[in-house]
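A short write-up of the structure that comes next.
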Amino acid sequence: MKIIIKNSAILLSLAAMLLVGACKKDFNNPNAATADQVFSNTRGFTGTAVGLQRLYSLGRAGSLFNIINANGFVTNELFLVNAGNLPEAQLNLGGGSVDPTNTILANIWANASKVIFDADNVITGAQGLADKGYASGLIGYTTIYKALALGSLSMFWERVPAGVGINSSFTERKQGFERAVTAIDAALASITTNPITAGVLANLPAGIDIVNTLQALKARYALFAGNYPLALTAANAVDLTKRSAFTYDALNLNSLFEISTATNNVFQPIDSTMGLPVGLRPEASDARVNFYMVINPTTAPRWRLLGFAAAANTNFPIYLPDEMRLIKAEALVRQSAPNLTAAKTELDAVLTQLPAADPFGVGANQPTYAGPLTAAALLTEIYRNRCIELFMSGLKLEDMRRFERPLTERKRNFFPYPFRERDNNPNTPTDPSF
Amino acid sequence: MKLLNYPVRAHVRLLVMLCVFVALPSLLFAQVKVTGTVTNTQGQPVEGASVVIKNTNAGTVTNASGNYTLTASLKNGKYIVSVTGINFKSFEKEIAVTSSNQNIAVEASLEADINGFDEVVVTGTSAGTTRRQLGSYVSTVKSDQLIKGATGNVLAALQGKTAGAQITQNSGDPAGGMSVRLRGISSISSSSEPLYIVDGVIVNNATNRVTNTSGNFDGGNFVGTVGQNRLVDINPADIDRIEVLNGAAAAAIYGSRANAGVVQIFTKRGTTGAARVSFSTNVTVGELRKRLEFNQAPTKFGGPTDGVGAQTQDILTPSLTNTTPVTRYDYQDAIFRTAIGNDNNISIAGGTEKTKYFLSGSYFFNQGIIKNTDFQRYNFRANVDQVLADWATVSIGLNYVNSAANEKPDGNSFFSPMNSVTIIGNIHDIFKRDALGNLQAVGERGRVNPLSVIEDFKQKQTTSRTLSNISLKLKPIKNVLVDYTLGIDNFSQLGTTYLPPYAYNVSDGFFGGGPNLDPSRNGYASAANNTFFAINHDVNVTYNTAITSNLSSTTQAGFSQQYEKNNYVLLQGRGLAPFVQTVNGASTIIPGNDDRSEISITGFYLQQNFKFRNQLFVTGAARVDGSSVFGQDQRNQTYLKASLSYVLSGTDYWEKLGVAKWFNQFKVRMAYGESGNLTGIGAYDRLNNYTASSFLGRTALNSSQRLANQNVKPERQAEIEFGADMGFFNNRATLSINVYNKKVTDLLINRQIAPTRGFSTLLDNFGELENKGFEIVLGGSPIATKTFNWNINLLYNHNRNKAVRIGQALTLFNTNGGAPVGIIEGQPIGIFYGTFFATTNGQQVKNSAGILQIERGTQINPLQFTTARDANGLPPVTASVLRRIIGNPNPDYTATLVNEFTFKKLSLRVQLDAVQGVDVFNADFRTRQNVGNGLVAEQEHRGLLPRGYVLGNLNIEEWRIDDGSFVKLRELSFSYDLGKVAKISNLSVSFSGRNLISWDNYTGYDPETNAGGQSTLLRGIDFGAVPIPRTYSLGIRANF
């Protein structure tokens, strides 16, 4: 008996030896870093900042593609190639057909919150970095995306989330623009105190001029918020010879090209009218039309994407220098003490610009403004030029409202709030009817 | 060990003297010969019955004539000869060996055991138990039932053979995925596939995508779990039997991972006697069961089909009213073919008293009905049982599998064989080539020519797998049994893809180079490797004791340890150099993937069973399990189980009742069990991760859209089951009924949250999932004579599934095929929730042009709405589009009817499977209309429907809901037993067919399909999956 037990014991302890070492339960994830790890060092902050550009500018789910897409359909800039693309088809029909399940709108909405969430993580965390110049570069770069995210929400929805968190409350959309301006001011202040070092720029994607971009976005959102003096100051602070753009390469494709130009299955430009009503349409000689589109004589549709959707590696400008001129012109007209002459000067600079003179090649090559020197007429011409110069930039819906274009010119005024928000946040405002 | 041999033997001898029968010790061993014939009650011989002399190592099996001869060295004394046969009650007879009685005849007549009361099942017990004792329903499927179905896939062979299971073939690919749902789905976020155990080894049944790897294959969308599931590696011919444990009540002993039930597979083992060789070969022929009809209209709207000014999808542009004459093609012959296959198996089984072996080898080859697809599998197995000592035996099982498949992209892309045809109008001459033999573009939209898919795409998948197990059984002291099983499952799966550069305009999304054939984008190559290693250890100690003469007790304690490691690596690139098929030839490298995970699970259990007079059985158990994937505080979970079985027909008062004459067997049972889902989330899903990627030469870190809860805990299932097993008229008719209520609490849901939280979903425990239902198993033999037998078996499964208290009214998923799959409070999981046709008084609303309308009005909540009408009685365009539940992929019931006829040596088996009351989201149906090859488009082309009709229906999701109910002639098998032919001891030929006929109202190929593969959530979606072929098989089986 003893021997058997002993014998069994030997066999069982052999088995037990195989078990030892296998009982470990704490495995580290080798595939990804946890939030705690990421926000514990400079490289983590930098990577997260770079991730914001990726989320904003890349792919079909990225903010940029969806903003241009949603804005383009409801403002008649785009032609729907295939009605089988349901979210695009909804926007193309507009009105009640745009519903809260629309994934294009859901992407803009969710990406904006995600960008704000992680931008805040970086901006807050970077304050603690020892290298202040590195930190201010990170804060400046990150704030660009935070501002763009706030801007995208405020342009398309009547009320915007007051912040990121559980059951977020909502504010007037104007406050969204103002928050963008506040964030930019904080970033600019940080950069003034601690100038950006070369070290941080080496770790961020090339192509973005942080300070000029911050000033340009400040001008844009100050204008949208109705703060004309601030818009004018900020626009004046932008160096109009500089380029600042989202860059693409063979691995990270220009999303407009990848999804639409290359496939000819989603959208193309509407045609050379750029979707504008009679009277506002670009002249046949306007060089900007041929910048943005090209004729395909053989295969339908006739008008094809060009411009910033031309190729896989075409860079996409975050702002165009002529947007700054048009902001100045508009602010000069709208400010409490209008300066129509100065406004005309800015407008003429846009109208007469040769394509080669523009950092991005967008030039009208048109005669100077010859219309009446009245605020109303100037504003109409400024609107017309914004529509042409900033074709497919995602800003037109905001412009249509600001320039009080008739509702019939657009297919939707504000977008419904995505179901995903409504279903899970009791503070979600009611949807606008149009 | 040798040193210990003598005392051990002496000890056992002592035990035999004391404990067994009255033994007259003799100093001499005599050579005893026992012979006889084993028959059934009709007098027919029973082949393969096992004959043993109890408490000795002597044993054999009967031959085809039912005869056996058994020789053994025995001392004089009394012994018991025991005869057991599959589906028979065991037979025992005492014999007395004396010096004059050494040639003994034992004739045995075996009584059928239709309910299988005395059959030994291994429901998580080391020693096994009889079905009589079970408190829950466990079905057993024997090898002879598995090999009749003309399939080389063990799960396909199991279709319709076990109660409570819905087994679906998701794709007709030669290695197409199979999903098994036992009593409905038991999870939302994770797999609902049962736990598979082969000879004690937990085998991986994962679906790993080593092909179809790039996001372009499915647009980066939610596609489910598509592709081969790894149970495809198991050879059905090696299987002795399969036990299916439907729910927690039965499976509680497996605790940790048994939420979706357990399927235990036991492979064949050797038996004492001379080597017996079995050989079988089958030739199979597969074909498309149903051809679809396509648009035959002589014209299309708008301009030409190809070349300059080409205008496709004319149907969706109603402003085009001019027409162009077109030639209409049927592309089905371009992609489908008649598939040939064969299945060869050879096995050798035999052994001595101490060593038994089973060796087998097989080669299986099966073409797909899609041209240039096939699957082959080599399988080798060695099972050896060795008696080490009277108190110790060791068993070793080794199984090597090598499988290889030639595939095409799966259904979820528009460059799969099926979808490449579905997505183009049937107006293009796809066969046209230029002078260099290059195929031409189809239309202006950059679609892939189906012939490129068939001829040029090369997509392969190879798996090399070893399943090995060692088990040790020890009887160290009286009444104690210790067993230990070590199992290892190790496989490496390699997938390669080569899409050569196209010679024509193909869109970037399909890896084309666009109109300019951009060489940096044109073509695609990938290589992916998945390596999996799992090891499990199980130790059980069983103690049996008799408390009184009527009451006995069995106590079991056990420990289990499991560890899994998975490494996945993907390389991919596009813009291929000419002729180079590897990623090396890519001018643009696409980001690859390198994913590694490890998990470990440990568990302990204690089980106590009391047995009263072989009538009343009570069992209770507790189990504690912990898994590394869950939060530290939630790791260890306790699961309880209790069951009761009462065999009323074995009691004295049953005899007195007077019904016993016709009501032979009556058992009632009840079981309660809990189990978990310890692999319910991925290895690191509890962590909030930032994933890294290369972006413009820098590293980008992006936080997941999913917010994780560090303290997430495993789902927990509690199932209660009541049942009864009855036998009537000498068990000529049997009936089993199971009623169950299976509730999963702490449901793991990756729930949608307001995006303003910074995340879009939250993975946490929410609410419950219920499956309530019943199963009826009815058996009968209306005719049973010496020459003719007729057996009927009916399975009926009814399951109702719903999500409750999930705290969210509606969760809607964006799926690749466009199916609006949702989870709604109080509704079945995976329902289709979407837009629908406007109706007034039951009549579909049409506008003045005759176009159907989408319903609009005010949505009050996900299930309630009010409709609105304008002055013309139409839904006003200013009102919101409404949604409701438009379909349910969960069937009302599934049923199987099997009729078996045997006449002398002829036998016929007919199996009908029914799935009723189920909806399919037929995405392909709408695509066919949109591109103009479908029959509705034909009516619009012919002017039978108003122009714009298809466009009007475009956004009405209800249009794509199709009736998925079917009754299928699943298996038909006809065999003839030639008996002994020359040196072949038994030869039989068989002819069988599979999926021969389907009675359904489905507009697509086959309602039994799922583009979501083995996904829990996405079911009943028809989006480009290859239809299940009709298969014929001719086979020969010989035993030597």
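Every read-out reported here was derived from the displayed coordinates using simple, explicitly stated rules and does not represent laboratory data. Source: prediction; values computed, not measured. For neighbour counting, all protein chains shown are included, and Cβ atoms are generated from backbone atoms with ideal geometry for every residue, glycine included.
Fewest neighbouring Cβ atoms within 10 Å first, the residues A:M392, B:M726, B:M670 line up as B:M670, B:M726, A:M392.
Helix A:340-351: angle to the longest alpha-carbon principal axis of chain A, degrees 0 to 90, nearest 10? With rounding to tens, the tilt is 70 degrees. For segment B:32-84, averaging the sequence separation of C-alpha pairs within contact (under 8 Å, six or more residues apart) and dividing by the residue count gives a relative contact order of 41 percent.
The smallest convex shape that holds all Cα atoms of chain B, its convex hull, gives 196 Å³ per residue. Rounded to the nearest 10 degrees, the inclination of helix A:132-156 to the longest alpha-carbon principal axis of chain A is 60 degrees.
Note that segment A:404-416 has calculated 3J(HN,Hα) couplings of 6, 6, x, 4, 5, 6, 10, 8, 6, 9, 9, 8, x Hz, one per residue in order, obtained from phi through the Karplus relation 6.51 cos²θ - 1.76 cosθ + 1.60 (θ = phi - 60°); glycine and proline are x.
Count Lys and Arg as plus one, Asp and Glu as minus one, and take only other residues whose Cβ is under 13 Å from that of B:F921; the net charge is then -4. Please report the orientation-averaged projected area of segment B:956-1017, defined via the convex hull of its C-alpha atoms, in nm². Result: a mean projected hull area of 7.2 nm². Mean partner shielding of peptide A:80-88, defined as the number of other chain Cβ atoms within 10 Å of each residue Cβ, is 4. Based on DSSP H segments of at least four residues, each scored -39500 (n - 2.57), the protein assembly as shown has a per-residue ellipticity at 222 nm of -6000 deg cm²/dmol. Over all distinct Cα-Cα pairs of segment A:214-331, the Kirkwood formula returns a hydrodynamic radius of 16.1 Å. Along the positive direction of the dipole of chain B (beta-carbon charges: Lys, Arg +1; Asp, Glu -1; about the Cα centre), which of B:L735, B:A105, B:I535 reaches farthest? Of B:L735, B:A105, B:I535, it is B:A105. Residues in segment B:894-910 carry Karplus couplings, in order, of 10, 8, 9, 10, 10, 10, 10, 10, 10, 10, 6, 9, 9, 9, 9, 10, 10 Hz; the curve used is 6.51 cos²θ - 1.76 cosθ + 1.60 with θ = phi - 60°, and Gly or Pro positions show x. By the count of other C-beta atoms within 10 Å, a proxy for reagent exposure, B:D652, A:D271 are ordered fewest to most as B:D652, A:D271.
Here's the picture: charge each Lys and Arg Cβ at +1 and each Asp and Glu Cβ at -1 in the protein assembly as shown, and of B:Q853, A:N227, A:G95 the one pushed furthest to the positive end of that dipole is B:Q853. Rounded, prolate or oblate: which fits segment B:764-858 when a ≥ b ≥ c are the square roots of the eigenvalues of the alpha-carbon gyration tensor, with rounded for a/c under 1.5 and prolate only if a/b beats b/c? Oblate is the answer for segment B:764-858, as a/c is 1.5 or above yet b/c matches or exceeds a/b.
For the protein assembly as shown, the Cβ-based charge dipole about the Cα centre amounts to some 3480 debye (Lys, Arg positive; Asp, Glu negative; other atoms uncharged).
Within a straight-line Cα-Cα reach of under 18 Å, B:K905 can be paired with the following aspartates and glutamates, leaving aside sequence neighbours fewer than 8 residues apart in one chain: B:E47, B:D144, B:D977.
Over 26 Å apart at the Cα level, from the set B:K268/B:K743; B:K54/B:K611; A:K132/A:K218, are B:K268/B:K743.
Average 1/r across all pairs of distinct alpha carbons in chain A, invert it, and you get the Kirkwood radius: 23.4 Å. When a/c reaches 1.5 or more, the comparison of a/b and b/c decides; with that in mind, is segment B:154-195 rounded, prolate or oblate per its Cα gyration tensor? Oblate, because a/c is 1.5 or more while a/b does not exceed b/c. The C-alpha atoms of chain B define a longest principal axis, and helix B:2-19 lies at about 70 degrees to it. Note on segment B:491-566: Cα convex hull, mean projected area over all directions, 9.6 nm². Treat segment A:25-148 as a sphere of radius equal to its Kirkwood radius over Cα pairs and apply Stokes-Einstein at 20 °C in a medium of 1.002 mPa s; give the translational diffusion coefficient in µm²/s, rounded to a whole number. Result for D is 130 µm²/s.
Here the convex hull built on the C-alpha positions of the protein assembly as shown has a volume of 190 cubic angstrom per residue.
By the count of other C-beta atoms within 10 Å, a proxy for reagent exposure, B:Y357, B:Y363 are ordered fewest to most as B:Y363, B:Y357.
Rounded, prolate or oblate, given the Cα gyration tensor of segment A:364-413, with a/c below 1.5 counting as rounded? Here segment A:364-413 falls in the oblate category. With 24 Å as the limit, the listed pairs B:K148/B:K354; B:K290/B:K432; B:K89/B:K772; A:K24/B:K475; A:K114/A:K174 have B:K148/B:K354; B:K290/B:K432; B:K89/B:K772; A:K24/B:K475 beyond it between alpha carbons. The mean sequence distance of close C-alpha pairs (under 8 Å, at least 6 residues apart), as a share of the length of segment B:156-214, puts its relative contact order at 19 percent. Taking 4 °C and 1.567 mPa s as conditions, segment B:696-800 diffuses translationally at an estimated 70 µm²/s according to Stokes-Einstein applied to its Kirkwood radius (Cα pairs).
The mean number of partner chain beta-carbon atoms within 10 angstrom of a residue's beta-carbon across peptide A:261-269 is 4.
Placing one equal scatterer on every Cα of segment B:326-373 and applying the Debye formula, the log10 ratio I(q)/I(0) at q = 0.22, 0.24, 0.29, 0.32 Å⁻¹ is -0.83, -0.88, -1.00, -1.08. Straight-line reach from B:K458: taking Cα to Cα under 16 Å and skipping same-chain neighbours fewer than 8 places apart, the lysines in range are B:K371, B:K408.
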